[in-house]
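The values are calculated or read from the model by the stated rules, or taken from the named source; none is laboratory data. Remember, it's a predicted structure, so these values are computed and weren't measured experimentally. Here the Cβ is made from the backbone with ideal geometry for all residues, glycine too, and neighbour counts use every protein chain on show. When the accessible area is computed, the model is the full protein with side chains, heavy atoms only, and any ligands, DNA or RNA have been set aside. Shrake-Rupley method; radii C 1.70, N 1.55, O 1.52, S 1.80 Å.
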Amino acid sequence: MNISYRWLKDLIPGLSASLEEVSELLAMRGAPIEDTETLSRGLEGIVVGRVEAVVPHPHADRLTVCRVDGGGGLVDVVCGAPNVRAGACYPFAPVGVTLPGGLEIREADIRGVHSVGMLCSERELGLGPDHTGIMELTGDLRTGQELTEALRLDDVLLDVEVTPNRPDLLSHVGIAREVAPGGSSGVAPPDIPGSPGFQTELRVGEREVEWDGVRIRIDDPDLCHRYLGAVVRGVSVGPSPEWLASRLRAVGARPINNVVDATNYVLFELGQPLHAFDLSRLRDSTVVVRRARPEEPLRTLDGEDRTLSDSVLAICDSSDAIAIAGVMGGEHSEVSHDSRDLLLECALFEPKSIRTTRKALGMSTDASYRFERGVDPEGMEQALRRAVEIILATAGGEADPVVLDVCPRPWEGLTVPLRPSRVEHLLGVPFEREDLRAVLEPLGFSLSDREDGAFDVSVPGYRSYDVVREVDLIEEVARVHGYENFPDSLRAFRPGTVPDDPMLQLQDQLRDFLVAMGFFEAQSPAFAPESEGTVRIQNPISIEEAFLRRSLLPGVLRRVEFNLSRGARDIRLFETGSVFDSLSREERPLEEMRLAAVMTGRRTPLHWSEEGRDFEIWDLKGTLLAVLERSRIEGELVPEAPDEERLDPKRAFTVRGADGTLLGVAGRVRPEAVDAPAWAADLWALEVTLPDPPPPPAPILYTPPPVVPAVERDLALIIPMTLPVARVTDLVQSAAGTLAERVEIFDLYEGMGIPAGTRSVAYRLRFRAPDRTLKDEEVERSVADVLRILKQELGVVPRGA
């Protein structure tokens, strides 16, 4: 939201705070200033020049020679603009001045005539897009006066960040209520220069009102709650006076004419969009608010031919659409220099309808931006009177004494109870009753006492969209009191007894484990391009990411590429999040919670004492098994190519449940799947689906420490390359019997001394009885059983046998 600091000060007569203090106050109130711009920057040295005479250029048909008084004497200026005339004032850039575009003004001979200085257009000054002629200045001007003073550009533009729930801040008055010393009571809109004063009365009707040949009717009261129409006759449409034009330029708006500028002035001052129709172009002098007919055409003010649907609320005359309600007017009924009689519209539309229309038509305007968030239902009459007052002061004419007011749904103010005890309970600090009044009443709230000690708080119309509950009022108390003023000491509290959701608990456990393993957590949005998703988003933030992801790996791999591009070689990342898959148009998309992890580079930090070894497939397998164990996933690792195009099928495996369900994939990422430099190591990745709901963890049982010694035996087994070692390990564990406390692999050998196509795997078996020391005969018997069963079932024999 663009705010003129000078306009803001004119609204608050008692404002003594500096720009820095205003910025700090707005930031603490929840509306920080994102940027500031000094409007006079780049216009230094440019003055008001009066053209005393204009004569044709002696050697060029399209040029003229102007005698210009810029406050330092008469000089000749060669000009090619067609609108320069003697006796008028224009922006004059003397020799030595640099224009905002970087052009330095110098003396020059143009077709044989010496030119000193330059008369400037709007575009050359950066004040607007008009480059068809020199910018003519009007008003009370002095020759040689600084242009920034003449145009009231000695101002600062504030770019205020306004959240969607605060439509009241989309105006200068709304911002003024936040920073005025007395709150809303300290805000006073400035007088309109030349205001003639006028008297009007409302003629109210529920669905239709007519007066003096002008009729207004609302056919869809659900989408238009109120419609005011004021008629001004005998206006003279033309350029706005400088005080009005400078107000609009100060907030980045382009002056158009005195009628349109009046409506824009009210828009930026009070936040109420208005629209002016040429009354003579309305058939039967009638306005009908209805839904558009299917395929109804309308050419809008931007020159676009649009086709409306029956879901669009339209402003129509007795036969055709003349405007899109709350968005943009139509070209047919626009105000032009030939307009004499006006119908000024001030309406209250349903915000959801305007938002739907704006999105469907792919257009956004200052009016729709405010209507779809909600305008003040109590400020409509003030806004309409303000606009009529400006039009009468700048365009003349006479206002009809009756304002047509069609109101099928009268506004009913909202009353919200507020308990001081609840304020203390939520904020942790007691507030006296008078303190609550001192905080809320300056914001426009009205407090009345109740017998039970609470307040009945009347909510002003401009806050009726975001203050609807008691907690909203308490938030206002905290906001105005100042979050920095609350004590930072921890007070007594009672912890909750409701446990976290089991899935959240599982995610926390996995997060703790992976962080302890040296992984960093990545967080990426769930939006993805069409190649990575099947569930389309109805209202995407970006057309390039208009789908929901069906896998976590692509997002994590993009984070890896980001780190690699910045020289990081050793990377460990993981992410937990939802993925989505479309089953059919009739069914809701499938949503699953998954975990993905990637690793590349060295296993241990680089150190001078040893050469760092890069991650291998065994590191990936170990991490995957640990994740499966902690997730309580009952799955088996199968050495098969996964259905994942980013993984190398020769160095990958899948995780499947007992029923064959795919639970996860893991493997080496194909080099072509990531944009990695030549020095990058192999990239390993895994992705598993977390169980929902997670199985309960196994109970933790206490086992007393052993009091008798263990007996260990080592076995070196010759295992064929085609036989998975895990199968051998499981068989050794079961064959060793109940006395086997642990079975572990401690060595692997391949090469000379063993048969081709085999490998030597060394196992260490630890035996222990809980109540006695084992005898050698018992241990040897168990080892013999292991060797016998291995040979019978798998054909595995000891090395050297």
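Some points to look at:
- Residue list for the range 697-733, filter: closer than 17 Å to VAL779 by Cβ and either touching an Asp or Glu at 6+ places or on another chain (Cβ under 7 Å) or not in a strand (DSSP E or B) (or both): PRO706, VAL708, PRO709, ALA710, VAL732, GLN733
- From GLY186, GLY234, residue being more than 29 Å from the chain's Cα centre (by Cα) and farther than 28 Å from GLU475 by Cβ: GLY234
- Test: residue in the range 68-80 that is within 30 Å of ALA250 (Cβ to Cβ) and without any contact (Cβ under 8 Å) to a residue 12 or more places away in the chain: no
- Residue within the range 98-121 that is modelled with pLDDT of 90 or more, polar (S, T, N, Q), surrounded by fewer than 19 Cβ atoms within 10 Å (Cβ to Cβ) and in contact with an Asp or Glu (Cβ under 8 Å, 6 or more places away or on another chain) present: yes
- Check on LYS775, within 12 Å of ALA710 (Cα to Cα), open to solvent by 90 Å² or more (accessible area, probe 1.4 Å) and either touching a Gly at 6+ places or on another chain (Cβ under 9 Å) or not small (Gly, Ala, Ser) (or both): yes
- Positions within the range 57-94 being of a type in the set (Phe, Trp, Tyr) and either farther than 15 Å from THR132 by Cα or in contact with a helix residue (DSSP H, G or I) (Cβ under 7 Å, 6 or more places away or on another chain) (or both), in sequence order: PHE92
- Residues that are farther than 16 Å from GLY229 by Cα, open to solvent by less than 10 Å² (accessible area, probe 1.4 Å) and among the polar types (S, T, N, Q) within the range 312-340 comprise just one, SER339.
Yes/no per residue for (1) in contact with a strand residue (DSSP E or B) (Cβ under 6 Å, 6 or more places away or on another chain); (2) in a loop (DSSP other than H, G, I, E, B):
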| site | (1), (2) |
| --- | --- |
| ILE134 | yes, yes |
| ASP140 | no, yes |
| ASP159 | yes, no |
| ASN165 | no, yes |
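- In this entry, ASP278 is excluded by the filter for residues that are in contact (Cβ under 8 Å) with a residue 60 or more places away in the chain, closer than 24 Å to ALA325 by Cβ, surrounded by fewer than 18 Cβ atoms within 10 Å (Cβ to Cβ) and not basic (Lys, Arg).
- For the range 689-709, a residue qualifies if it is open to solvent by 40 Å² or more (accessible area, probe 1.4 Å) and over 56 Å from the mean Cα position of the chain (by Cα), and the qualifying residues are PRO704, PRO705, PRO706, VAL707, PRO709.
- Hits in the range 610-644 (condition: within 21 Å of ALA681 (Cβ to Cβ), of a type outside the set (Lys, Arg) and surrounded by fewer than 17 Cβ atoms within 10 Å (Cβ to Cβ)): GLU610, GLU611, GLY612, ASP614, GLU616, ILE617, TRP618, ASP619, GLY622
- In the range 130-161, the residues that are out of contact with any Ser or Thr (no Cβ under 8 Å at 6 or more places or on another chain), open to solvent by 60 Å² or more (accessible area, probe 1.4 Å) and either at pLDDT below 85 or within 30 Å of GLU178 (Cβ to Cβ) (or both): THR138, GLY139, ASP140, GLU149, GLU161
- Highlighted here are the strands (runs of 3 or more DSSP E) found entirely within the range 298-404 that include at least 1 residues which are among the basic types (Lys, Arg) and either farther than 30 Å from PRO196 by Cβ or more than 36 Å from the chain's Cα centre (by Cα) (or both): 305-308.
- One residue stands out among those in the range 480-510 that are within 22 Å of ARG594 (Cα to Cα) and without any contact (Cβ under 8 Å) to a residue 60 or more places away in the chain: the one that is surrounded by the fewest Cβ atoms within 10 Å (Cβ to Cβ), which is PRO499.
Residues checked against (1) surrounded by fewer than 20 Cβ atoms within 10 Å (Cβ to Cβ); (2) not acidic (Asp, Glu):
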position	(1), (2)
SER18	yes, yes
ALA27	yes, yes
THR36	yes, yes
LEU43	no, yes
ILE46	no, yes
ALA53	yes, yes
ASP76	yes, no
CYS89	no, yes
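- Within the range 527-546, restricting attention to residues that are charged (D, E, K, R) and within 21 Å of GLU592 (Cα to Cα), the residue that is least open to solvent (accessible area, probe 1.4 Å) is GLU532.
- Just one residue in the set GLY234, GLY183, GLY194 is in contact (Cβ under 8 Å) with a residue 60 or more places away in the chain, at positive phi and open to solvent by less than 10 Å² (accessible area, probe 1.4 Å); that residue is GLY183.
- Within the range 591-617, the set of residues being of a type in the set (A, V, I, L, M, F, W, C) and either closer than 24 Å to PRO697 by Cα or at pLDDT below 90 (or both) comprises MET593, LEU595, ALA596, ALA597, LEU606, TRP608.
- Check on GLU350, closer than 15 Å to CYS224 by Cα, acidic (Asp, Glu) and touching a residue at least 12 places away in the same chain (Cβ under 8 Å): yes
- Residue selected from the range 634-644 under the condition part of a loop (DSSP other than H, G, I, E, B) and modelled with pLDDT of 85 or more, by the criterion nearest to ALA726 (Cα to Cα): GLY635
- Candidate set from the range 243-270 (those that are of a type in the set (Gly, Ala, Ser) and modelled with pLDDT under 95); member that is surrounded by the fewest Cβ atoms within 10 Å (Cβ to Cβ): GLY252
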